[in-house]
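Q: What follows is a single structure, and I will ask about it in a moment.
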Amino acid sequence: MARRTFPLSKVCGLLEPGPVVLVTTADNGRRNVMTLSWQTMLDFEPPLLACVVSDRGIDKFAQFGLTPVAASKVSAPLIAECYANLECRVTDTRMVRRYNLFVLQVLQAWMDRTVKDPRTLHHRGYGAFMVAGGNIELRSKMR
């Protein structure tokens, strides 16, 4: 194998952690939504996520014609057009100042079970994306 060095600035494309998701927020009656391409599971019981969040101040619900739906446990709306929605509460902000990293606990999960094979979009870095392909099922001890 011919190994060559790889630019450190592009490592994120090798470690792409998951699908591009939409994150909604609500602050003093102002709701918004943003795309997020970096999130990861931290724990399973209760489910904890980590994500890096930034905002550009544009109302993307209005700009992209998304339909807000009232959530059951949080003030931020769900998105009707998404096949899955997670209601989360911020539980740790100690790394926000330095990294914009939030830790969230999932309080309620929703999924449209009529969507049998969702095609998720994955960010590979620097404007490159891929769509998830076929499924592979392996035996797991985590069921």
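The values are calculated or read from the model by the stated rules, or taken from the named source; none is laboratory data. Just so we're clear, the structure is a prediction, and the values are computed from it rather than from any experiment. Quick reminder, even Gly has a Cβ in these numbers, built from the backbone with ideal geometry, and neighbours come from all protein chains shown. In case anyone asks, the SASA skips ligands and DNA or RNA and just uses the protein heavy atoms, side chains included. Shrake-Rupley method; radii C 1.70, N 1.55, O 1.52, S 1.80 Å.
For every residue, the table says whether it meets (1) at pLDDT below 95; (2) over 23 Å from Pro118 (Cα atoms); (3) open to solvent by 80 Å² or more (accessible area, probe 1.4 Å).
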| position | (1), (2), (3) |
| --- | --- |
| Asp27 | yes, yes, yes |
| Val33 | yes, no, no |
| Ser37 | yes, no, no |
| Ala50 | yes, no, no |
| Asp59 | yes, yes, no |
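Q: Ile79 - would you say it is open to solvent by 40 Å² or more (accessible area, probe 1.4 Å) and farther than 23 Å from Arg124 by Cα?
A: no
Q: In the stretch 117-143, how many are among the polar types (S, T, N, Q) and at pLDDT 85 or above? I'd like the intermediate steps shown before the answer.
A: Our first condition is that a residue be among the polar types (S, T, N, Q); within the stretch 117-143, this holds for 120, 135, 140.
With at pLDDT 85 or above added as a condition, the list becomes 120.
Qualifying residue count for the region: 1.
Q: Of the residues that sit in the stretch 76-116 and are at pLDDT below 95 and among the hydroxyl-bearing types (Ser, Thr, Tyr), which one is farthest from Asp43 (Cα to Cα)?
A: The qualifying residue farthest from Asp43 (Cα to Cα) is Thr114.
Q: Then there is this: In this structure, is Leu86 more than 30 Å from Ser9 (Cα to Cα), open to solvent by 80 Å² or more (accessible area, probe 1.4 Å) and in contact (Cβ under 8 Å) with a residue 12 or more places away in the chain?
A: So Leu86 passes the test.
Q: Here is a follow-up. Take the residues in the stretch 106-143 that are of a type in the set (Asp, Glu) and over 24 Å from Ala71 (Cα atoms), then tell me which one is most open to solvent (accessible area, probe 1.4 Å).
A: Taking the stretch 106-143 and keeping what is of a type in the set (Asp, Glu), we get 112, 117, 137.
Narrowing further to those that are over 24 Å from Ala71 (Cα atoms): 117, 137.
On the way: Asp117: 72, Glu137: 157 Å².
That would be Glu137.
Q: Turning to a different aspect of this structure: Can you list the strands (runs of 3 or more DSSP E) found entirely within the stretch 1-86 that contain at least 2 residues being touching a helix residue (DSSP H, G or I) at 6+ places or on another chain (Cβ under 8 Å)? Show your work before the answer.
A: On the way: elements: 21-27, 30-36, 39-44, 47-52.
Per the criteria, 30-36.
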